[in-house]
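Heads up, the thing below is written out as structure tokens.
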Amino acid sequence: MNALAGLAVPPLSPSSREDDCCPPREDDYRHSIRSWLKANLPAHFRNDSTAYRAPTLKEQQAFEAAMHKAGLAGVAWPRAYGGQGLTLREHLVVSQEIGAVAMPESVNSIGKELAGPIIQAVATEEQKLRFLPAILEMRDTWCQGFSEPGAGSDLAGLRTRAVREGDEWVINGQKIWTSGAYRSQRCLLLARTGTVEDRHRGLALFAVDMKSPGIRVNRIRSIDDKESFCEVFFDDVRVPQVDALGVPDEGWAAAVRVLSIERATNRMHRSWRFENELNHLIAVCRADPVLSDLLAGSHYRRRIAATVADIEVLKAYVESVVAAICRGEPIGARGSLYKLYWSEAHQRFSVLARELLVQASVDAGPAVENAITRFNGVYLAGRAETIYAGTTEIQLGIIADRILELPRVK
Ligand SMILES: Cc1cc2nc3c(=O)[nH]c(=O)nc-3n(C[C@H](O)[C@H](O)[C@H](O)COP(=O)(O)OP(=O)(O)OC[C@H]3O[C@@H](n4cnc5c(N)ncnc54)[C@H](O)[C@@H]3O)c2cc1C
């Protein structure tokens with residue numbers, strides 16, 4: 001039985017900037033989001049609670065569809081495409097409130113945070129109307145088919161080919177590390193239309209229907225015992241021209257421009273979730289006699305204080321980037337600073353959390369057991385945070401080249 005079946009979903013009612021050029025009052029808006037989450041988030045979704053039980057995919061999809069109906073998804077997307085027609089400022093407020101609650105990550109974050117903005121930037125009107133509402137309503141979950149066995153950091157080296165035949169493109173090749181491909185309806189596919197020597201110039205984007213004949217998906221088990229990762233094989237897959245996104249060559253350049261903003265603003269909730277995790281850890285430690293003694297020692301006091309400083313830096317950074325974008329300022333490569341700092345700081349924290357919790361009292365009880373489960377997951381998932389969306393080394397290279405403009409060895 002769907003946990004949300006029959007749920008009456010009260011909509012939020014901020015005045016719309018598209019309708020009357022008047023943003024909602026921030027305090028009221030924030031309060032309405034907080035109240036909605038408190039009233040509607042199922043108890044077993046919260047992994048800081050002893051009632052936690054991993055939600056099923058169906059439960060998550062139903063909850064995310066309910067969030068959209070209530071106005072908590074597509075906040076800054078135009079109303080014509082199912083969005084709320086508000087601004088990035090309101091999107092930040094929603095992200096802060098979502099981050100402050102221990103709830104699962106979206107199962108359609110690729111659709112909402114990557115495919116959606118790219119579609120808005122490069123797609124035709126017909127494609128926008130066809131794809132965007134379906135993402136927000138959770139009818140279509142998207143995956144991202146960029147990385148290949150020989151092309152991760154260096155995407156310009158990818159070899160999956162797209163050859164035009166009349167009104168269709170014929171796709172052949174292999175993708176890897178495609179998160180959630182097995183449960184996706186569409187794949188944002190990056191494929192080569194020119195030669196490998198063309199590098200970035202010969203690349204194009206497609207919205208591939210994952211039910212197309214010739215697609216084979218293999219799931220890969222990762223260290224956190226999940227099977228979200230996939231290999232996706234394309235064997236003479238026919239994609240209609242109406243599902244090609246943007247003009248080949250130009251589509252990629254437009255997508256990259258969008259991605260530089262997205263890198264700085266997607267998953268903005270992460271800094272507030274990081275704070276939620278720290279607060280959870282401290283609360284659990286305070287309630288356990290052994291852990292509470294450890295917290296009193298200078299070693300852990302220092303490390304926890306440093307974590308608080310990391311979190312405050314990250315939150316302030318997100319606020320400053322949102323303010324800059326709202327003022328219309330270009331943000332360039334600044335997203336790399338955030339990605340680098342967040343992933344490194346969050347990994348350090350996950351080590352600290354595990355190190356503390358393994359020292360808990362022998363008969364620690366359900367709250368500590370639950371925290372151990374949560375923070376083991378945070379630790380294992382954290383191993384990937386310095387890899388996906390551009391590795392630490394790639395972010396450092398971008399900062400050196402594009403922000404500092406340092407010389408290169410000839
Ligand atoms: C959890 C997770 C989810 C992912 N989900 C997706 C997804 O949904 N879709 C998708 O397309 N991809 C996905 N990826 C793949 C991810 O984008 C790549 O793993 C990443 O881009 C790195 O590529 P690679 O694994 O091929 O490593 P490589 O590019 O081979 O890099 C190997 C090592 O060499 C270093 N290196 C490479 N180039 C340089 C350089 N120029 N300078 C300095 N050091 C360098 C790297 O930092 C790294 O340490 C995911 C990865 C992870 C871990």
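The values are calculated or read from the model by the stated rules, or taken from the named source; none is laboratory data. Values in this document were obtained by computation on a predicted structure and should not be read as measured data. Ideal geometry is used to build each Cβ from the backbone, glycine not excepted, and the neighbour counts take in all protein chains shown. All accessible areas refer to the heavy atoms of the entire protein, side chains included, with ligands and DNA or RNA removed. Shrake-Rupley method; radii C 1.70, N 1.55, O 1.52, S 1.80 Å.
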Practice problem: Could you look at the range 269-403 and say what percent of its accessible area is carbon and sulfur, using a 1.4 Å probe and all protein chains? | Solution: 61 percent
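For the chain, what is the calculated [θ] at 222 nm in deg cm²/dmol (nearest 500), taking -39500 (n - 2.57) for each run of four or more DSSP H residues and dividing by its residue count?
-14000 deg cm²/dmol
What is the packing order of peptides 342-350, 214-222, 264-272, taking the mean over residues of other C-beta atoms within 10 Å and listing the highest first? Mind showing how you got there, number by number?
Numbers: 342-350: 20.0, 214-222: 14.1, 264-272: 22.0.
Top of the packing list down: 264-272, 342-350, 214-222.
Given a 1.4 angstrom probe, I'd like the percentage of the accessible area of the range 21-104 that is carbon and sulfur, rounded to a whole number.
Numbers: 1940 of 3590 Å².
For the range 21-104, the apolar C and S fraction of the accessible surface comes to 54 percent.
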Quiz item: Looking at the chain, what % of its DSSP beta bridges pair antiparallel, to the nearest 5?
Solution: 85 percent
Exercise. Specify the residue with the greatest mean-square fluctuation among I398, I118, I171, computed from a Gaussian network of the chain linking alpha-carbon atoms under 10 Å apart.
Key: I398
Quiz item: Size of the dipole of the chain about the Cα centre, Lys and Arg at +1 and Asp and Glu at -1 on the beta carbon, nothing else charged, in debye to 20?
Solution: 340 debye
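Scanning the chain for helices, which whole DSSP H stretches are 20 Å or more long along the axis (Cα) and average 0.5 or more by Kyte-Doolittle? Could you put the intermediate results ahead of the total?
On the way: long enough: 26-40 (21 Å, -1.59); 250-265 (23 Å, 0.32); 270-286 (24 Å, -0.53); 298-326 (42 Å, 0.54); 335-357 (33 Å, -0.14); 366-382 (24 Å, 0.32).
Qualifying helices, which must be both long enough and hydrophobic enough, are 298-326.
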Self-check item: Nearby lysines by direct alpha-carbon distance to K38 (threshold 19 angstrom, same-chain neighbours under 8 apart not counted)
Solution: K69
Quiz item: Among the lysines, which fall within straight-line cross-link reach of K128, defined as a Cα-Cα distance under 16 Å, with same-chain neighbours fewer than 8 residues apart omitted?
Solution: K112
